[in-house]
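Everything below concerns the one structure shown next.
Just so it is clear, none of the values below were taken in a lab; they were calculated from the coordinates. On a predicted model such as this, the values are computed, not experimentally measured, just so you know. With ideal geometry, Cβ positions are generated from the backbone for all residues, glycine too; neighbour counts draw on all protein chains shown.
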Amino acid sequence: MLLADVVAASAAVAATRSRTAKARAVADALRAAAPEDVGPVTAWLAGDPVQSRLGVGWRTLTRLAHDPADTPALTVADVDAVLTALAATSGAGSAARRDELLGTLLRAATAEEQRFLVGLLTGELRQGALEGVVLDAVAAAAGVPADLVRRAAMLSGSLPATAATALAGGAGALEAVRLQVGRPVRPMLASPGSSLDAALADLGAEVTVEHKLDGARIQVHRDGDDVRVWTRTLREVTGVVPELVACVRALPCQTAVLDGETLALDDDGAPRAFQDTMSRFGSETPDAAVALSPFFFDLLHLDGRDLVDEPLSVRLDALAGLLAADEHAPLRMPGVRRPTPEQAAAVLDGALAAGHEGVVVKALDAPYAAGRRGRAWQKVKPVHTLDLVVLAAEWGYGRRTGKLSNISLGARDPDGGEPVMVGKTFKGMTDELLDWQTRTFPGLAAEETSWGVRLRPELVVEVALDGVQRSPRYPGGVALRFARVVRYRPDKTAAEADDVAAVRALLAGS
């Protein structure tokens, strides 16, 4: 398959706002792809290389993207081979070798193909084909139920691999995909809840209410003495969290897959700043002074038995049995099953008193399902927070003159379009954060202007707000009220930001 065919499909996806039309264009491209090309084509039309993060900067690509070819000749296999070589290039002389690989690739590409490749490698392929659209397209192309595709993608941890399986083997091959210890599972996520009472009313009495920590999501797999740890984005961090490895290795089991959170605690057991926890995942030499503690809230596999399709109540029973032997650390996430309203409120009060964010209310009859399928898990915080995409930043004035200050905020479009702007804020920014924005934002700029910079939609920021209100000013029809920056979220991608439906759900009376 030619790269030009993928570029044409990407353009067709970008040209429509219809989710159905987007999925149809992707499905047509997948049907036309050779079996060995299905994986890369799926990944590219979802906006990512198969090789994930390649560490290629915008400036490098724009420097090398010139003198395009007159006619399309690059194949999907050609491009995928170069990207694989690029991912494997490191060490002395790697910068020159990477430039050589990229330069050769871009010179063989037409102008349209160059623009596509630059967008793909910088994460700015604004074609509007988010993962949900591509999942639907895979199901259509293979003629299989979408739920089978979603489940296989969750268990394999790979949408490209799932597409290849579906196109090659159909429903039978997808049904054969099983949880594999040592291969990360895509995590189940919680939707924002407007209040504790509303979450309890929505989910009923058969729930568990657990602490919501201000930590990092972890998934831990154990197979004998081999223990491996991944983050919520399925990035392996085993080498930098030895204390978590040791903790799980000591449990009375042979194989297990645990889901939970980890965070750094101070000497009194109170949570340290989120930045302290995240600092452990950004360094190859962990700071021994910042020790991480695990808190597990789910068990997906235990000693040969897969539990993902079991209701949460069964998974929690198995988890309690596994962790019961631990005498040294409270490995279980604190919470109460089937609480009365008063007990649920006490759990929330206890979480806040301990310095945590709030609680998560979970339906006990729900199986494990990747992403935010439905509202079986709902997170409740006393102060509303949203994870939004930074779209632009303006130069400050007064004491902020010379610093990039006021940021524009966008919510994810669930249909795969551009982020939907829902407000601006300059509140909550320390001098240190302003300095960081001023240093960092120009390197992420899609456009520099006299008033500031427009950013590629990559950075996710957590903002606190008092609520939202209806507003004709923004295309989403809503605007944030008194938004202020809490922190940036390096552990999240723009595809994991809250969508505009989550923002609208905070409207009074909704």
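Please list, ordered by chain and number, the residues whose modelled amide H lies under 5 Å from the amide H of Val237; skip anything fewer than 5 residues away on the same chain. Close amide H contacts, sequence-distant or interchain: Val229, Trp230, Thr231. Checking (i) 190; (ii) 163; (iii) 137 against the coordinates, the calculated volume of the Cα convex hull per residue in Å³ falls under label (ii). By DSSP, the beta bridges lying fully in the stretch 393-471 are antiparallel in about 90 percent of cases. With both residues required to sit in the stretch 289-403, DSSP beta bridges show an antiparallel share near 75%. Dividing the mean sequence gap of close Cα pairs (under 8 Å, 6+ apart) by how many residues the chain holds gives a relative contact order of 13 percent.
Using a/c under 1.5 as the rounded threshold, could you call the stretch 164-277 rounded, prolate or oblate? The axes a ≥ b ≥ c are square roots of the C-alpha gyration tensor eigenvalues, and prolate needs a/b larger than b/c, oblate otherwise. Could the numbers behind the result be given before it?
Values: a/c = 2.06, a/b = 1.15, b/c = 1.79.
Judged from the Cα gyration tensor, the stretch 164-277 comes out oblate (a/c at least 1.5, b/c at or above a/b).
Ordering Leu507, Gly169, Ala109 by the projection of their Cα atoms onto the charge dipole of the chain, which places +1 on the Cβ of Lys and Arg and -1 on the Cβ of Asp and Glu, puts Leu507 at the extreme positive end.
In a reduced charge model with +1 at each Lys and Arg Cβ and -1 at each Asp and Glu Cβ, the chain shows a dipole moment near 1240 debye about its Cα centre.
For Met188, the residues whose amide H sits under 5 Å from its own are Gly371, ignoring neighbours fewer than 5 places away on the same chain, with H placed 1.01 Å from N. Here the stretch 189-230 yields Rg over Rh of 1.17, to two decimals, using C-alpha coordinates and the Kirkwood radius. Take every DSSP beta bridge whose two residues both sit in the chain; close to 90 percent of them are antiparallel. Here the dipole of the stretch 1-90 is about 540 debye; that uses its Cα centre as origin and unit charges on the Cβ of Lys and Arg (positive) and Asp and Glu (negative). This model, with +1 at the C-beta of Lys and Arg and -1 at the C-beta of Asp and Glu, gives the stretch 313-404 a dipole about its Cα centre of some 420 debye. Charge tally for Gly157 (other residues, Cβ to Cβ under 10 Å; Lys, Arg +1; Asp, Glu -1): +2. Need one word for the stretch 275-405: rounded, prolate or oblate. Basis is the Cα gyration tensor (sqrt eigenvalues a ≥ b ≥ c); a/c below 1.5 gives rounded, then a/b vs b/c decides. The shape class here is prolate.
For the stretch 377-510, a/c is not less than 1.5, where a ≥ b ≥ c are the root eigenvalues of the C-alpha gyration tensor, and a/b tops b/c. That puts it in the prolate class.
Seen from Arg337, the other residues with C-beta closer than 14 Å to its C-beta sum to a net charge of -1, counting Lys and Arg as +1 and Asp and Glu as -1.
Here's the picture: charge each Lys and Arg Cβ at +1 and each Asp and Glu Cβ at -1 in the chain, and of Ala411, Cys247, Ala376 the one pushed furthest to the positive end of that dipole is Ala411.
Sequence-ordered 3J(HN,Hα) estimates for the stretch 456-461 from the Karplus curve with 6.51, -1.76 and 1.60 and θ = phi - 60° stand at 5, x, 10, 7, 10, 10 Hz, glycine and proline given as x.
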